[in-house]
Each structure stands twice: as structure tokens, then as C-alpha cells.
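Quick notes on the structure that follows.
The values are calculated or read from the model by the stated rules, or taken from the named source; none is laboratory data. Source: prediction; values computed, not measured. Using ideal geometry, Cβ is built from the backbone for each residue, glycine included, and neighbour counts are taken over all protein chains shown. Accessible surface areas use protein heavy atoms only, side chains included; no ligands, DNA or RNA. Shrake-Rupley method; radii C 1.70, N 1.55, O 1.52, S 1.80 Å.
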Amino acid sequence: PPADDADDDDATMDAAKLAPFAGFNLHEPIEPPGCALHLYRHLSKTGGTTLRFIFDKQTAMGDWEFPLIYGFKAVEWDALLSRWRAKARAWRDGGGGVGGPRTLVEVRGNWPDNWPAEHFRVVMDDVAELRREFGPSVGGAGDGLATCEVTTSLLLREPFAQYLSFYEYYIRKQQEGEARAEHVGKRWPDVPGKAAWGRDIGEWATRVHDMQTRELLGDKCTGQMRQPGYDVEWVDAATANADVAGSDPSAAELAVTVDGKTLRRVGVHPQAPECHAKVTDDDWTRFEKLVDEFDVVGVTERFDEFLLLLARRVGLAHPEYVRSNAGKHERDRGKMSAKTNAVIDAATTMDRAAHELAGTIQSRLVSAAGGDAFDKHVKKFRAQSEERGGRVFVGGIPARSPYKWVRESEAKAAGTTRVTPAAFTDDTGGGQAIAYIVMDPVMLVDASAPHGCVKGCNLDAA
């Protein structure tokens, strides 16, 4: 895309979108709105897990519900929309005030279902319909009914750092994995090791282009990012040193032998015909238009600034946090090989433009929110950070949560009463506990209940 595209005035920066930021009172505490739905699009390795725990905190405080696992199914999304609409209509018809629904939604995909990521256009259209039905009228002329805040957010990361983080979190362990007896005879994608997954970050990245741009679009074969890039074969060890038909001689040093069988790389794994993993000019146009639809857009490198824009725009009264999944890997480009730098740069042409666009939008939102005054607001938030129990709470120690999520079976066996805050659209509040590898049903209870916390306690200081 042209280098000056990010400087053009566009739909993202229209007056209606900027007006709520211009209305911030930075001297007043944040209050949740009477009725709201906020959807956050979580792209891989951009800070989303940290934000998820912040969302959890709002639920444990009783302010919001957070009812869906990030890889939800279409039927689960439709059910939430139905519940939310019913409660929002009742709240609006009753004159507003307290008791309206307040719902947080994270779209991540991948697990246990990829539906919301692959059908993100459908999700965004549904959100837009909620805004038309329940949000303020365009131009400010309304019918006198109470309105709901329906908003969306997106965070992107500097591509080189995002690729390093993705590689360290998902790919390196596969490359360094050892082929064992249980892998003999298996093929792509079920064999660990460098023959299948690539020698290093460079060999992986050569085949994985523009991850953030593709992931947001949702229809660009995003599963390919987490799959091995090469086909492999098992041959009798006695013939492994011969010219085995179909093998890749350039990868001979990657061969490993297990129980008399040798694993060798055959070549690049062919993508399925429907797998279009390269970002075209038309794709970029779609990406720009999609970014235009978000209310809060930012970059991970300015996370605190993004977070406070989000908290005030959406109504997240407890934004204090602890960084999650902060890897300890090398991040300095100067300490990487020139080849690795070149490969990743070549793989992230569109992602770099996307990151620049997101940064430009964030700067404009900050300007609308007060410019220098907002900068001081962010600095004050950081200055309040405090260490407790070996963890740094950015923004200070959060208020103690009055509620926590526990295993439903334990709570019911003890006769513990379920808590249902007014913001919930049903009595269970979802729970999303499967996202934390707690497969059992959970329920929200008083924090003093004698049951182990499975979610919602991450940001309670020791």
C-alpha cells in the first residue's frame, strides 16, 4: 500500500467516532455504562491474554459478564445475541437506569472452535446491527429511549516482535521435539522435529506471511501458521543413505532414526487449493475497511495508552493489571542474524503497514482524548504501579474482587449460593472456564466461599 495511506482522513476518524473520546473527563473515576456490549478481536501474541484477565476482573467485580469461550460456536453466539437483545429491550423499555446487560466478548478462534475467527465478518455485522438497534441515533437525534454502548476494539503488534513471540510460544517446541517410537509411520502434520517443522525461525517464517493481517480477515488459511511446513517420510534405515525417491537431499542432515526407521524430509507441504495464504491488494483493501469499523484501535508497544483509551471508552472501571505470557526470549534485532531479519521482514510487508495504520489511529484517539492531558493520565497510571507477591501490578493494586469462579460441583455439594450480578444475561454468566483448561462447569460465588478459585482471582494481590 502507498506509504502515505495512513495519513489520509478516512471513516475511522469521522467526528462521530472521535466524539466519545473528546468527552472523557480524566479527573473522574470510570463508571460502567447502564447497558453495553463490547467485542475485542484478539490477534495472536499481541497482548490479548493480558487483556482477557482484565476482562475477568470486571466480571469478578460484578460489573460485566464475560460469557463465551474465545473459540465459540455459531449457536453459542446466536444464543448470546438473543439473550442480550431481550435484556437490552426490557432495560430500554423500562426507561434505562440500572440493570441493563453489560457483556464482554473476545474473538480468538483456534480452540475449541474456529468459527468466530473464520466468520468474523458475520460477527461484526451482528455487532453493527446491535449498534443500529440500541445505540445513539446518527446525528444525535433520538426517540428519547435509553441507549446502549456497543463497541469494538483491536490491538496489533510490531510484526518482528510478534513473529518472534509466536515462534517461541508455538513453533520452537515443535522444531525441538523428538521423534519417538509412537511417531514411526506417521506423516504430516503429526511428526515433531526439524524435518517437518523447519530448522529455525527463518525456515518457518519463509512460509508464513503477514499473520496479523490474515488473522483479522479470517479467511486467509490461518491454520497454516501453526502447521508444519514440510512433508516427511519414514524409510528403512538400511536404505536411508541411498537416493530415496522423493526425499529432499538438501535436508539430509535432519534425518533421524527410530527403531530401524529413518525420518526424512520429502519437500514443502503443498497447501490445499482453497488455502490462500498470501495477502493481495484486494485483501489489503478489505483489511483497511475492517479496521475502520473498530471503535478503539491500538498497538501493543503502547499498551497502557491503549488500555486507558479502552477502559474509558467502554467503561472498564478496574484496568489495573499484571502482564501475562511475557516471554524471556531475545527481542533485539541486532542480536539476530541478518538472514533471519531479512526473512521476517520479507514475510511481514502488509503487517508492517497494518501496524503503522493502527499506530496512527491510536495517536488520533489520544489527541481527541486530550493529547498532553491524556499522556499525563497514562503516566500517572504507570506511576501508581506496585509490586506485591513477586508480581508488578501496573496501575496499582486493584480492589479486592467480591466474587470468584469455582467448580459448580464443589459449590453445590456444599450448598453454596450462586451469585448472579445484574449485568448477566442469564443466571450462570457463562464462565468461559474451558479457556483455562478447567473442563468442569463453574459458577460465580462470594469470594469468601471455601472453594478453590478457578478463574477471576488472577488480579487479586496476595
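Annotations for the structure displayed:
- Complete set of residues in the range 146-174 that are of a type in the set (A, V, I, L, M) and under 21 Å from GLY334 (Cα atoms): ALA161, LEU164
- Residues (in a helix (DSSP H, G or I) and basic (Lys, Arg)) located in the range 118-173: ARG121, ARG131, ARG132, ARG172, LYS173
- Residues that are closer than 24 Å to ASP446 by Cβ and open to solvent by less than 10 Å² (accessible area, probe 1.4 Å), drawn from the range 66-78: PHE66
- A single entry from GLY99, GLY94 fulfils the requirement of being out of contact with any Cys (no Cβ under 6 Å at 6 or more places or on another chain), without any contact (Cβ under 8 Å) to a residue 40 or more places away in the chain and closer than 27 Å to MET61 by Cβ: GLY94.
- The condition of being closer than 30 Å to VAL122 by Cα and in contact (Cβ under 8 Å) with a residue 24 or more places away in the chain does not hold for GLU203.
- Taking (1) touching a residue at least 40 places away in the same chain (Cβ under 8 Å); (2) open to solvent by 50 Å² or more (accessible area, probe 1.4 Å); (3) within 23 Å of the chain's Cα centre (by Cα) in turn, PHE393 satisfies each apart from (2).
- In the range 23-72, the qualifying residues are those that are touching a strand residue (DSSP E or B) at 6+ places or on another chain (Cβ under 8 Å) and of a type in the set (Ser, Thr, Tyr), and the one that is nearest to VAL394 (Cα to Cα) is THR50.
- For LEU104, the criteria (1) modelled with pLDDT of 95 or more; (2) part of a helix (DSSP H, G or I) hold in every case but one, which is (2).
- When PRO136, PRO112, PRO192 are screened for being over 29 Å from ASP292 (Cβ atoms), modelled with pLDDT under 95 and out of contact with any strand residue (DSSP E or B) (no Cβ under 8 Å at 6 or more places or on another chain), only PRO112 passes.
- Of the helices (runs of 4 or more DSSP H) entirely within the range 209-328, those holding at least 1 residues that are under 28 Å from GLY23 (Cα atoms) and either hydrophobic (A, V, I, L, M, F, W, C) or at pLDDT below 95 (or both) occupy 281-292, 303-314.
- Of the strands (runs of 3 or more DSSP E) lying entirely inside the range 358-462, those carrying at least 1 residues that are in contact with a helix residue (DSSP H, G or I) (Cβ under 8 Å, 6 or more places away or on another chain) are 403-407, 442-446.
- Identity of the residue in the range 401-418, open to solvent by 70 Å² or more (accessible area, probe 1.4 Å) and among the polar types (S, T, N, Q), that ends up farthest from VAL442 (Cα to Cα): THR417
- From the options ASP56, ASP63, residue that is in a helix (DSSP H, G or I), in contact with a Lys or Arg (Cβ under 9 Å, 6 or more places away or on another chain) and within 19 Å of LEU444 (Cβ to Cβ): ASP56
- Screening ALA411, ALA422 for residues that are of a type in the set (Gly, Ala, Ser), at pLDDT 95 or above, more than 27 Å from CYS35 (Cβ to Cβ) and over 24 Å from the mean Cα position of the chain (by Cα) leaves exactly one candidate, ALA411.
- Against the conditions (1) in a loop (DSSP other than H, G, I, E, B); (2) open to solvent by 40 Å² or more (accessible area, probe 1.4 Å), GLY109 satisfies every one except (2).
- When the test is whether a residue is at pLDDT 95 or above and more than 21 Å from the chain's Cα centre (by Cα), ALA368 passes it.
- Filtered residue count, the range 250-309, keeping only those that are farther than 23 Å from ALA369 by Cβ, buried (at least 19 other Cβ atoms within 10 Å of the Cβ) and among the hydroxyl-bearing types (Ser, Thr, Tyr): 1
- Yes/no for PHE21 being in contact with a helix residue (DSSP H, G or I) (Cβ under 9 Å, 6 or more places away or on another chain), surrounded by 13 or more Cβ atoms within 10 Å (Cβ to Cβ) and either at pLDDT 95 or above or in a helix (DSSP H, G or I) (or both): yes
- GLY62 being open to solvent by 10 Å² or more (accessible area, probe 1.4 Å), over 17 Å from the mean Cα position of the chain (by Cα) and under 18 Å from TRP405 (Cβ atoms): yes
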